[in-house]
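Since the structure comes first, as structure tokens, the remarks are kept for the end.
The values are calculated or read from the model by the stated rules, or taken from the named source; none is laboratory data. Everything numeric here is computed off the predicted structure, so don't read it as measured data. Here the Cβ positions follow ideal geometry from the backbone for every residue, glycine too, while neighbour counts run over all protein chains shown. Just so you know, the surface numbers come from the protein's heavy atoms only, side chains and all, with ligands and any DNA or RNA stripped out. Shrake-Rupley method; radii C 1.70, N 1.55, O 1.52, S 1.80 Å.
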Amino acid sequence: MAYWLMRSEPDAYGWDDLVRDGRAEWDGVRNYTARNFLKAMAPGDRALFYHSNTEKAAVGVMEVTRAWRPDGPADASGNPIWASVEVAPRHPLARPVTLAAIKANPRLAALEMLRQSRLSVTPVRAEEWAVMMEMGE
């Protein structure tokens, strides 16, 4: 199983929306690096749902329930340009894990979301996942 962090603006589509819907297509990602991360996901992988912009905090845990599929038009050769995956909520974090708390924790210094702060989808190493889960208890 792999771990990920996936960001969404809560006023566009937040954790409560995912819980209400029961599952959702994580689509609309228009960055090649983030697209490649989506294509690397497999059913059963776990992801942190991170509210960007206003809250700046991880608020819940999702499960990837379907591998990637094309999202949007293909290129001139007929190859898909973008990708999406399906996710479902697993459980909320007891405490949101804020960006400030993430930055303050030396065990998370190498977290990809801090290195590649503009990406909406980033991998999380197993040891970082454990720290994030500990912080969210």
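The table below gives the values:
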{"read-out": "Matching option when the condition is open to solvent by 40 Å² or more (accessible area, probe 1.4 Å), free of Cβ contacts under 8 Å to residues at least 24 places away in the same chain and either small (Gly, Ala, Ser) or closer than 13 Å to TRP4 by Cα (or both), among ALA94, ALA126, ALA40, ALA104", "value": "ALA104"}
{"read-out": "Residues that are under 15 Å from the mean Cα position of the chain (by Cα), more than 16 Å from GLU55 (Cα to Cα) and buried (at least 20 other Cβ atoms within 10 Å of the Cβ), drawn from the range 107-122", "value": "LEU111, VAL121, THR122"}
{"read-out": "Selection within the range 1-24 - over 12 Å from the mean Cα position of the chain (by Cα) and either open to solvent by 60 Å² or more (accessible area, probe 1.4 Å) or touching a residue at least 60 places away in the same chain (Cβ under 8 Å) (or both)", "value": "MET1, ASP11, ALA12, ASP16, LEU18, VAL19, ARG20, ASP21, GLY22, ARG23, ALA24"}
{"read-out": "Enumeration of residues in the range 43-91 that are open to solvent by less than 30 Å² (accessible area, probe 1.4 Å), among the charged types (D, E, K, R) and over 13 Å from the mean Cα position of the chain (by Cα)", "value": "ASP71"}
{"read-out": "Some residue of the range 26-34 being touching a helix residue (DSSP H, G or I) at 6+ places or on another chain (Cβ under 8 Å), closer than 22 Å to LEU93 by Cβ, open to solvent by less than 50 Å² (accessible area, probe 1.4 Å) and in a strand (DSSP E or B)", "value": "yes"}
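Yes or no, residue by residue, for (1) of a type outside the set (A, V, I, L, M); (2) within 22 Å of GLU9 (Cα to Cα); (3) modelled with pLDDT of 95 or more; (4) in contact with a strand residue (DSSP E or B) (Cβ under 7 Å, 6 or more places away or on another chain):
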residue: TYR32; (1), (2), (3), (4): yes, yes, no, no
residue: PRO43; (1), (2), (3), (4): yes, no, yes, yes
residue: TRP68; (1), (2), (3), (4): yes, yes, yes, yes
residue: GLY78; (1), (2), (3), (4): yes, no, no, no
residue: VAL85; (1), (2), (3), (4): no, yes, yes, yes
residue: ALA104; (1), (2), (3), (4): no, no, yes, no
residue: ARG107; (1), (2), (3), (4): yes, no, yes, no
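Every residue, every condition in (1) at pLDDT 95 or above; (2) of a type in the set (Gly, Ala, Ser); (3) touching a Leu at 6+ places or on another chain (Cβ under 9 Å), yes or no:
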{"site": "MET1", "(1), (2), (3)": "no, no, no"}
{"site": "TRP4", "(1), (2), (3)": "yes, no, yes"}
{"site": "ARG23", "(1), (2), (3)": "yes, no, no"}
{"site": "ASN36", "(1), (2), (3)": "yes, no, no"}
